[in-house]
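Note sheet for the following structure.
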Amino acid sequence: MAPSRLHGTGAAALRTLASWALPIVLLIAWEIASRSGVLSTRLLPAPSAVAAAFWENLRNGTLLTHATISTERALKGLLIGGGIGFVLGVLAGIS
């Protein structure tokens, strides 16, 4: 016989909890390793430091400025690459 499946609200909650367990454990381990000096904070800062920097940059507007510049660069690259790919595709189709 096949093993019985979990059904109901409790089973759904258990599956949700299980899917979040590994990421949470990894974040806690990362935080502990950073704070204890096992990981260099210059190489990989603690998640709490990353979150603090994120909120500070969001609050003072720096994050939006840099995100806009990065998005602009990505779109320019996409247009350049897409344009080159289109031209090469047309040339390959003609020949």
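Tabulated values for the structure
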{"read-out": "The range 45-87: number of residues that are part of a loop (DSSP other than H, G, I, E, B) and surrounded by 11 or more Cβ atoms within 10 Å (Cβ to Cβ)", "value": "2"}
{"read-out": "Selected residue (criterion: farthest from the chain's Cα centre (by Cα)) from residues of the range 1-38 that are part of a loop (DSSP other than H, G, I, E, B) and modelled with pLDDT under 90", "value": "1"}
{"read-out": "Per-region count, the range 50-87, residues in contact with a Pro (Cβ under 9 Å, 6 or more places away or on another chain) and farther than 25 Å from residue 35 by Cα", "value": "0"}
{"read-out": "So residue 90, is it among the β-branched types (Val, Ile, Thr), surrounded by fewer than 11 Cβ atoms within 10 Å (Cβ to Cβ) and either in a helix (DSSP H, G or I) or modelled with pLDDT of 95 or more (or both)", "value": "yes"}
{"read-out": "So residue 42, is it under 21 Å from the mean Cα position of the chain (by Cα), among the basic types (Lys, Arg) and not in a helix (DSSP H, G or I)", "value": "yes"}
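The values are calculated or read from the model by the stated rules, or taken from the named source; none is laboratory data. Every value quoted in this text rests on a predicted model; they were computed, and no experiment measured them. Neighbour counts are summed over all protein chains in view; Cβ atoms, including those assigned to glycine, are modelled from backbone coordinates with ideal geometry.
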